[in-house]
Structure formats: structure tokens, C-alpha cells
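Everything below concerns the one structure shown next.
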Amino acid sequence: MRKGSTDRIIENRYQYACAAEDRILRISWHRKSGRSPLQTLYKDDQLEQSSLQATHRRRRELLSSMCHRYTRKRRLLTPDDLRHLVVDDVHELLYCYVPKVACTNWKRVLMVLTGQGKYQDPLEIPAHEAHVPANLRTLSEYSTPEINYRLRNYLKFIFVREPLERLVSAYRNKFTRSYNTAFHKRYGTKIIRRHRQDPSSEALESGHDVRFEEFVYYLLDPKTQREEPFNEHWERVHSLCHPCIVHYDIIGKYETLTDDANYILQLVGADAGIKFPASSKTIRTNNNLTAKFFKNISPFYQRRLFNLYKMDYLLFNYTIPSYLHLR
């Protein structure tokens, strides 16, 4: 390697180290100037609690209890485990995004919070831009000391949703929308080839008309996870965000999205003009709509699918849906 190339590598590493140190110093100064969101949360917990504060305390306690009961051995986090943890160094936040649980709007809000004035209104940010990796940093991009610092000192939050409702929402979005041709090609063709008898040549080519029961067979096929991990849109929350290793301070729920989102924005001291976007006007996947999708799924496969997502039910205190026939 030429000397000039070596010098440039050393210079780049030095600049990266200086930038990392500068971030730590700025964060330390920010904390000295006032309470951090994490300090605010637990300081307020010691005072007379509002019903919302009490709700979040109970969610933390239940999650801790379930982790203690069902997790036998803790392990160290790997960089791959941290890919879903978005970092806001300005407000000292870590957000684990879960697809199909308002993650697009949360990414928009974080782009406003971290954008240094570039963005004013979350809804002005196109949905596709919210998912561009370069627009938000994830914890996997930091050094080990920086990761540990943030895990100890930042407010960590996650949003969850009734597991099978989230699954149906993912199916509807990825397999019934004509514009999702990439998913049709990537997953639809494979699902149809394996789980449809006598498929047409058009279906094998485009993968555009996957039926929900075929999607269920694909998820439960042992070959599926042997080949590759689940796509993030139908991966279990406990596998995406590792809530028994990362101690989340706020467990928000899709069912109480507005209240929980406003609570977090209040904790970080966000400007009054920053509002969490309201739900879209499209037909939302709810319990009644989810039940309709399970009408054609046999009790045998219902039971197996529930068991696949059972840990998410336990950790986040969701009850078994009444439309399932598990006995």
C-alpha cells in the first residue's frame, strides 16, 4: 500500500475518533444543561403518577417479569441485533422500529427531531425518504463504548402491536398491493411455487396473487427459516428488538399510539409544533378484519401460527384472539 493511502486511512480514523469524542462531549453538555428524557421519566415515576405514567410502569414490570420467566440465558448483543435501534443523539433517544407499527411516522418524527431545522413537519417527508438508511443512524454504526454509553443513558422506546393483526397488515401491504412488485418477485413467486397446486405460469412469473393461507403455510414451513431469517415485516418483535436484553423504558402500543407518542415527545421536550402524524385514512387492519382472514385457516394451522408468535403475546400482554380455535 502506498504511503499516501496509509496516511489517508490514519487521517480518516483520527477524524472519526474526534467526531465520536465530540458527540460524547456535546451529549454530556446537553445533559448538564437539564434533565435527560431518561432522568425525567424515572424522576417523575417517583412523584404522584398520572394514569399514563402508571400504565407505562406496569408495562415495564410485566415485560421484565415475562423475560425473567421465559428467558433462560442472557447473551451479548451483536451488531446485527442493533440494526433496528435508531439513534437520536440530540434528544438522547433510542427507538427500535417495528414494521407495521407506525414505524414510517416515527422515522419521520425522528428526522424532524434530528434534522437541525431541515424538516419542520413530519408529514412533509415522503414515506420512501423516511426509510432511506442514510437519513437516520442506527446503533450498529457506533463503536462499542458509544453503544454502551447510549444503552445506559438514553431513553429507549419501542412500539408493539397485536401480533396476528400486525401479520395480516404485513400480508395486505406486501402481497395485495399492485405496487409492491419487489415483494411479489422476491417472496410471492417462492410461496406460490411451494404452496400452490397447479399454479399458472403467470402466477409463477409475477407472484402477484399470493393467498393468505399460502402465506401462512410459507411461514410455518421449516424450510423457510432454514434458508434465511424472516423478513422484518413478519419477523417477531422479540427477534427484532431483543426486549429481554435491551431494557426498554417505554413500551408503546399501536392501540394507544397517540397517547404514547405524545408522552414520549413530552419527555424529550420536543417543540410544541412537532406533532405525531394522525393515522392514515386507508382501511386499517383491525381485529374484525384480521378475524376474516383466519376464517379459512384450519385450527391446526391456527395453533401452529399462534405458537410461532406466542412470545410476543406473552412479553407484551396481548390476549389470545377470540377468533382463534386453539383447542
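The values are calculated or read from the model by the stated rules, or taken from the named source; none is laboratory data. Keep in mind the model is a prediction, meaning the values are calculated, not measured. Every residue, glycine as well, gets a Cβ built from its backbone with ideal geometry; the counts of neighbours run over all protein chains shown. Areas reflect the complete protein model, heavy atoms only, side chains present, ligands, DNA and RNA absent. Shrake-Rupley method; radii C 1.70, N 1.55, O 1.52, S 1.80 Å.
To keep it simple, each residue is scored yes or no on (1) out of contact with any helix residue (DSSP H, G or I) (no Cβ under 6 Å at 6 or more places or on another chain); (2) aliphatic (A, V, I, L, M).
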residue: LEU155; (1), (2): no, yes
residue: VAL160; (1), (2): no, yes
residue: PRO163; (1), (2): no, no
residue: ASN173; (1), (2): yes, no
residue: ILE192; (1), (2): no, yes
residue: TYR217; (1), (2): no, no
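GLU92 meets the conditions (1) charged (D, E, K, R); (2) open to solvent by less than 20 Å² (accessible area, probe 1.4 Å); (3) modelled with pLDDT under 80 in every case but one. The failed one is (3). Whether a residue is touching a strand residue (DSSP E or B) at 6+ places or on another chain (Cβ under 9 Å), open to solvent by less than 20 Å² (accessible area, probe 1.4 Å) and farther than 17 Å from LYS253 by Cα was assessed, and LEU63 does not pass this test.
Listed here are the residues, each with its yes/no results for (1) under 19 Å from the mean Cα position of the chain (by Cα); (2) at pLDDT 95 or above; (3) hydroxyl-bearing (Ser, Thr, Tyr); (4) surrounded by fewer than 14 Cβ atoms within 10 Å (Cβ to Cβ).
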| position | (1), (2), (3), (4) |
| --- | --- |
| CYS241 | yes, yes, no, no |
| TYR254 | yes, yes, yes, no |
| LYS275 | no, no, no, no |
| ALA278 | yes, no, no, yes |
| LYS292 | no, yes, no, yes |
| ASN296 | no, no, no, yes |
| ARG304 | no, yes, no, no |
| ASP312 | yes, yes, no, no |
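The single residue among LEU308, LEU326 that is touching a Phe, Trp or Tyr at 6+ places or on another chain (Cβ under 7 Å) and not basic (Lys, Arg) turns out to be LEU326. On the given criteria, is LEU265 open to solvent by less than 30 Å² (accessible area, probe 1.4 Å) and either among the hydroxyl-bearing types (Ser, Thr, Tyr) or closer than 22 Å to LEU85 by Cβ (or both)? Spelling it out, LEU265 is indeed open to solvent by less than 30 Å² (accessible area, probe 1.4 Å) and either among the hydroxyl-bearing types (Ser, Thr, Tyr) or closer than 22 Å to LEU85 by Cβ (or both).
Does segment 244-258 contain at least one residue that is more than 30 Å from MET66 (Cβ to Cβ) and touching a residue at least 12 places away in the same chain (Cβ under 8 Å)? Lay out the reasoning, then the answer.
The first filter runs over segment 244-258 and keeps only residues more than 30 Å from MET66 (Cβ to Cβ), leaving none.
For segment 244-258, residues more than 30 Å from MET66 (Cβ to Cβ) and touching a residue at least 12 places away in the same chain (Cβ under 8 Å): absent.
Among the residues of segment 42-96, those identified as more than 17 Å from the chain's Cα centre (by Cα), assigned to a loop (DSSP other than H, G, I, E, B) and touching a residue at least 40 places away in the same chain (Cβ under 8 Å) are THR71, ARG74, ARG75, ASP89, VAL90, HIS91, GLU92.
Here segment 105-141 is the region considered, the condition is being modelled with pLDDT of 95 or more and hydroxyl-bearing (Ser, Thr, Tyr), and the residue that is least open to solvent (accessible area, probe 1.4 Å) is THR138.
Close contacts from segment 260-284, counting a first residue that is part of a loop (DSSP other than H, G, I, E, B) and a second that is open to solvent by 100 Å² or more (accessible area, probe 1.4 Å) and at pLDDT 85 or above, with Cβ to Cβ under 8 Å and a gap of 6+ residues or different chains, come to GLY273/GLN120; PRO277/LEU123. Taking the numbered list (1) out of contact with any helix residue (DSSP H, G or I) (no Cβ under 8 Å at 6 or more places or on another chain); (2) in a helix (DSSP H, G or I) in turn, ARG150 passes all entries but (1).
Which members of segment 204-239 meet the condition of being in a helix (DSSP H, G or I) and of a type in the set (S, T, N, Q)? Step through it out loud before you land on a result.
Of the residues in segment 204-239, the ones in a helix (DSSP H, G or I) are 204-206, 212-220, 222-227, 237-239.
Of everything in segment 204-239, those that are in a helix (DSSP H, G or I) and of a type in the set (S, T, N, Q) turn out to be SER206, THR224, GLN225, SER239.
Condition first: of a type in the set (Gly, Ala, Ser) and either crowded, with 18+ Cβ neighbours inside 10 Å or under 20 Å from HIS238 (Cβ atoms) (or both). Now tell me which residues in segment 142-181 satisfy that.
Within segment 142-181, the subset of a type in the set (Gly, Ala, Ser) is 143, 169-170, 178.
The answer is SER169, ALA170.
Note on segment 107-127: residues that are out of contact with any Ser or Thr (no Cβ under 9 Å at 6 or more places or on another chain) and part of a helix (DSSP H, G or I) total 11.
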